[in-house]
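The values are calculated or read from the model by the stated rules, or taken from the named source; none is laboratory data. None of these values were measured; they are calculated from a predicted model. Quick reminder, even Gly has a Cβ in these numbers, built from the backbone with ideal geometry, and neighbours come from all protein chains shown.
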Ligand code: UDP
């Protein structure tokens, strides 16, 4: 068997060279990390669930005209993606206060925000991904003003889409983190959604009980992470319990 060339290895994913130029294979590992990698565990099955959830969301986003790096699913842990140049900025969208904004501004977790708020962090583990402003981003050349506008517009569309999708299955999208890349096509370059959208990168709470269905279960030592991710997949209609049936798609929750 020929060994694939590993292009990049991150905390939860590996990127391999793809079958054609300009493509990569994104492989989801079972590693869970938090606090800039200082907390680390292997959680059996997490990679498969994140791959499935993320591929479902990226497929839907492609369908509604949000450009993404996703091309197609390959297997339980891998997807074919377009090679992009990652913008070194994490874009965070918040609907409800939780995590760092609660600490920073003293807002009780669970408080709805007056409107959706976008924050930017500079992708740098050694510095702990510090929050930065548009001024820093343009001054240091991490992204241009036009790219920031594009990322913000896409982030709000993605937020509207995710909020509606998850509301329909009884889940509140508290906040999420996304990353963008530059896709070069001949002379043209455009900003597309990259990385992943999964319970690793979102805060997802059950609408009725506020039960956490996301990585906070790991960060806060609550246990039950795989059960929670399975519950998200089950409600999205993409968990094949015996791997016999076809995905059914989201099942509307009636309130
Ligand atoms: N997030 C992420 N990766 C990071 C930092 C944050 O995916 O490196 C996600 C996190 O899961 C949450 C949102 O971004 O959904 C906002 O995170 P926050 O700033 O509150 O940071 P945290 O409390 O996780 O340190």
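So the values come out like this:
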{"item": "Any hit, region 179-193, residues being at pLDDT 95 or above, within 13 Å of the ligand (Cβ to nearest atom) and either in contact with a strand residue (DSSP E or B) (Cβ under 8 Å, 6 or more places away or on another chain) or assigned to a loop (DSSP other than H, G, I, E, B) (or both)", "result": "yes"}
{"item": "Filter result for residue 176 (in a strand (DSSP E or B), within 16 Å of the ligand (Cβ to nearest atom) and touching a helix residue (DSSP H, G or I) at 6+ places or on another chain (Cβ under 6 Å))", "result": "no"}
{"item": "The one condition in (1) at pLDDT below 95; (2) farther than 25 Å from residue 230 by Cα; (3) within 14 Å of the ligand (Cβ to nearest atom) that residue 2 fails to fulfil", "result": "(3)"}
{"item": "Of residues in region 113-125 being at pLDDT 95 or above and surrounded by fewer than 17 Cβ atoms within 10 Å (Cβ to Cβ), the one farthest from residue 97 (Cα to Cα)", "result": "124"}
{"item": "Residues (in a loop (DSSP other than H, G, I, E, B) and touching a residue at least 12 places away in the same chain (Cβ under 8 Å)) located in region 212-241", "result": "213, 214, 215, 237, 238, 239"}
{"item": "Flag if residue 109 is without any contact (Cβ under 8 Å) to a residue 60 or more places away in the chain and within 11 Å of the ligand (Cβ to nearest atom)", "result": "yes"}
{"item": "Pairs with Cβ under 9 Å, 6+ apart, first in region 21-35 and farther than 22 Å from residue 74 by Cα and free of Cβ contacts under 8 Å to residues at least 40 places away in the same chain, second more than 15 Å from the ligand (Cβ to nearest atom) and in a strand (DSSP E or B)", "result": "33/41"}
{"item": "Of all residues making up region 162-173, the number that are more than 24 Å from residue 151 (Cβ to Cβ) and in a strand (DSSP E or B)", "result": "1"}
{"item": "So residue 53, is it crowded, with 18+ Cβ neighbours inside 10 Å, away from the ligand (no atom under 16 Å from the Cβ), part of a helix (DSSP H, G or I) and in contact (Cβ under 8 Å) with a residue 24 or more places away in the chain", "result": "no"}
{"item": "Test: residue in region 200-213 that is modelled with pLDDT of 95 or more, surrounded by fewer than 19 Cβ atoms within 10 Å (Cβ to Cβ) and near the ligand (Cβ under 10 Å from one of its atoms)", "result": "no"}
{"item": "Identity of the residue in region 159-171, surrounded by fewer than 22 Cβ atoms within 10 Å (Cβ to Cβ) and in contact (Cβ under 8 Å) with a residue 60 or more places away in the chain, that ends up farthest from residue 66 (Cα to Cα)", "result": "170"}
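Yes/no matrix, rows are residues, columns are (1) closer than 21 Å to residue 54 by Cβ; (2) without any contact (Cβ under 8 Å) to a residue 24 or more places away in the chain; (3) surrounded by fewer than 17 Cβ atoms within 10 Å (Cβ to Cβ); (4) within 18 Å of the chain's Cα centre (by Cα):
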| site | (1), (2), (3), (4) |
| --- | --- |
| 82 | yes, no, no, yes |
| 134 | no, yes, yes, no |
| 141 | no, yes, yes, no |
| 173 | yes, no, no, yes |
| 182 | yes, no, yes, yes |
